[in-house]
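Okay, so here's the structure we're looking at.
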Amino acid sequence: MAQKARKPAPAAAPMIDIGINARDRERIADSLAHVLADTYTLYLRTHSYHWNVEGPMFNTLHLMFMGQYTELWNALDLIAERIRALGFPAPGTYAEFAQLSSIEEHPGVPEAMEMVRQLVKGHEAVARTARKAFPAADKAGDESTTDLLTQRLQVHEKTAWMLRSLLQ
């Protein structure tokens, strides 16, 4: 997936001197933009499934999906604010997210267990995208970003496992 060059904050902004050079900050922000896009796409899917789930597991899945989309919603701010702290604008349009996300759109309303399967795939996709962001952050000694990515990986791997358990 081709990365779109991110533009730094306007020239009027003060210079950023956090111990990470501008080129490394740009690489990290680009990687985080993909994590943000995947997270937002998964958030939308999870919230839609919360609204539209039906069947014998309605209450269980409805409540589970609500917890998951709430967690994703809160994560969006953390990821976007890290991009901003690095000195770059966070993507924020559907068009940008569609271009940056590795999660494909699936129109329509699937049956409940297919929703679970799609969410497993979505959480695994975000985990893969987060893993791809580590080298740039690690190379630059960006502990703040590596900590954020570690936390996100823990959430997505655990959530994927819990959802997969429903499919047994």
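The values are calculated or read from the model by the stated rules, or taken from the named source; none is laboratory data. Keep in mind it's a predicted model, so treat the numbers as computed, not measured. Counting neighbours? That spans all protein chains shown, and the Cβs are built from the backbone with ideal geometry, glycine included.
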Restricting to segment 1-29, count the residues that are assigned to a loop (DSSP other than H, G, I, E, B), under 24 Å from the mean Cα position of the chain (by Cα) and either at pLDDT 95 or above or not charged (D, E, K, R) (or both). 7
Only one of these conditions is not met by Q154: (1) free of Cβ contacts under 8 Å to residues at least 24 places away in the same chain; (2) surrounded by fewer than 13 Cβ atoms within 10 Å (Cβ to Cβ); (3) farther than 30 Å from L61 by Cβ. Which number is it? (3)
Regarding segment 87-105, can at least one residue be identified that is aromatic (F, W, Y), touching a Ser or Thr at 6+ places or on another chain (Cβ under 8 Å) and crowded, with 22+ Cβ neighbours inside 10 Å? no
Subset of segment 57-86, residues crowded, with 16+ Cβ neighbours inside 10 Å and farther than 16 Å from T41 by Cβ, comes to L61, H62, M64, R82, I83, L86
Working only within segment 136-150, note down all residues that are without any contact (Cβ under 8 Å) to a residue 24 or more places away in the chain and either buried (at least 16 other Cβ atoms within 10 Å of the Cβ) or not β-branched (V, I, T) (or both). D138, E143, T146, D147
Please list, ordered by residue number, the helices (runs of 4 or more DSSP H) wholly in segment 83-168 having 2 or more residues that are out of contact with any helix residue (DSSP H, G or I) (no Cβ under 6 Å at 6 or more places or on another chain) and under 21 Å from M66 (Cβ atoms). 112-139, 143-166
Scanning segment 79-135 for residues that are polar (S, T, N, Q) and in contact (Cβ under 8 Å) with a residue 12 or more places away in the chain gives Q99, S101, S102, Q118, T129
Considering residues of segment 30-56 that are of a type in the set (A, V, I, L, M, F, W, C) and either crowded, with 24+ Cβ neighbours inside 10 Å or under 15 Å from N74 (Cα atoms) (or both) only, the residue farthest from the chain's Cα centre (by Cα): L44
